[in-house]
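None of the figures in this text is laboratory data; all of them are computed from the coordinates on show. Quantities reported herein were computed from a predicted structural model and do not represent experimental measurements. Here the Cβ positions follow ideal geometry from the backbone for every residue, glycine too, while neighbour counts run over all protein chains shown.
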Amino acid sequence: MNMVAIKRTQNPFIIRGYAGPEYFCDREQETAALMSALDAGRDVVLVSPRRIGKTGLIHHLFHNLERQSDIYTFYLDIFPTQNLSEFVQLFGETVLGRLDAPLEKAMQRVMTYVHSLVPKFSADPLTGSPVVSLDVAERDNKLILREIFDNLKSSEKECFIAIDEFQQINEYPEKGVEAMLRSYIQFLPNVHFIFAGSRQHMLQDMFLLPKRPFYQSAQVMNLQPLDREAYYRFCASKCLTKELFLDQDVFNALYDRYSGYTWYIQQVMNRLYQYEVSPVQELVDAAVREIVAEQADAYARLFNVLPSGCRRLLKAVSREGAVTGILSGSFIARHNLKAASSVQASLRKLTEIELVSKTADGYVISDRFMADWLRTL
């Protein structure tokens, strides 16, 4: 039986992970600013709303850094962690063993500095790099964390560590985590940190309020949406790889629809590229309907468990896009909501569970595709 090889074309509109500079749009000034600050010995606080491209920028920066010799980069997203123990396990498994090769040398270094537990070592089957797994249950996590930092410091190798959703440490039940981390980090001259996060006010307060341990310990950078013209040129050039023409007015409408938030635009462009027809507005609308339909059941389950006041407020915000005077009489009357006190209580709940976010333009539905779904109700 003859097998026919099928040529697979890489979709250039990446929707998860980092695929290299060829698929990364612009951010030249931001990358240079990050590089400049870290080279000068300044740690960086990278603040942005979710799905604007923060994580991609970090990986792009690390890709550039790794071209240099004897530089080590580490990325960890601590959003899923619920306590100090889970943080220590994730942090330790991310950094331990990575500074030395072969495996025997890595084991020797880790065992020299980490006395509080016995890590399990293995080798990555693809790269051969050392892989460490930890069991920190019922251990002295503060001591283990100090030993991990001692291991980093002793290597004298230049390390760059990005901790994404860093504000999550404020949710841990243990007291004093913020102060403890600060006390360890300030004595690591060979380790540079990027503290990234999407809960903007919480993260900024950690570094800008005088009473907080990390006060003025890092340079704050606020990430903005991609430049519209640069993003259009990128998308148009990628469409041309399939001889597709992307009209700038069509792109501008898509950009405005999602306020320049990269993740949503990439999702739609990913679909349009697969259609193999030059995108027009009707195709954009079809792609959005397709994406929203795939998530409709999940949105409905989430929506239906909310109190009625929250449901009404969600629908009202989705219809307006962004709301500045959310407690104003005109907004309440326009959408037949209850009293301002009821709206305020619903708003508090919706912001706590991050279904609604406060932005420079006003209150918005955090998930823009969910907003599209809500407007169909």
With each run of n ≥ 4 DSSP H residues scored as -39500 (n - 2.57), what mean residue ellipticity at 222 nm is computed for the chain after dividing by its residue count and rounding to the nearest 500 deg cm²/dmol? -14500 deg cm²/dmol
Gly176 neighbourhood, Cβ < 13 Å, K/R = +1, D/E = -1, net charge +2
Using every Cα-Cα pair within region 227-305, state what percent have a distance larger than 16 Å. 51 percent
Say the cut-off is 20 Å between C-alpha atoms; which of Lys315/Lys358; Lys54/Lys358; Lys153/Lys175; Lys315/Lys349; Lys175/Lys211; Lys142/Lys175 go over it? Lys153/Lys175
For Ser328, net neighbour charge (Lys/Arg +1, Asp/Glu -1) across residues whose Cβ lies under 12 Å away: 0
What's the local net charge at Arg375, with K and R +1, D and E -1, over the other residues with C-beta under 12 Å away? +3
Cα extents of the chain along the three principal axes, largest first, in whole Å? 67, 65, 46
Computed over region 307-377, the Cα gyration tensor eigenvalues, each multiplied by 5 and square-rooted, give semi-axes in Å (largest first) of 16, 13, 12
Based only on other Cβ atoms within 10 Å, what is the fewest-to-most ordering of Leu46, Leu347, Leu306, Leu209? Leu209, Leu306, Leu347, Leu46
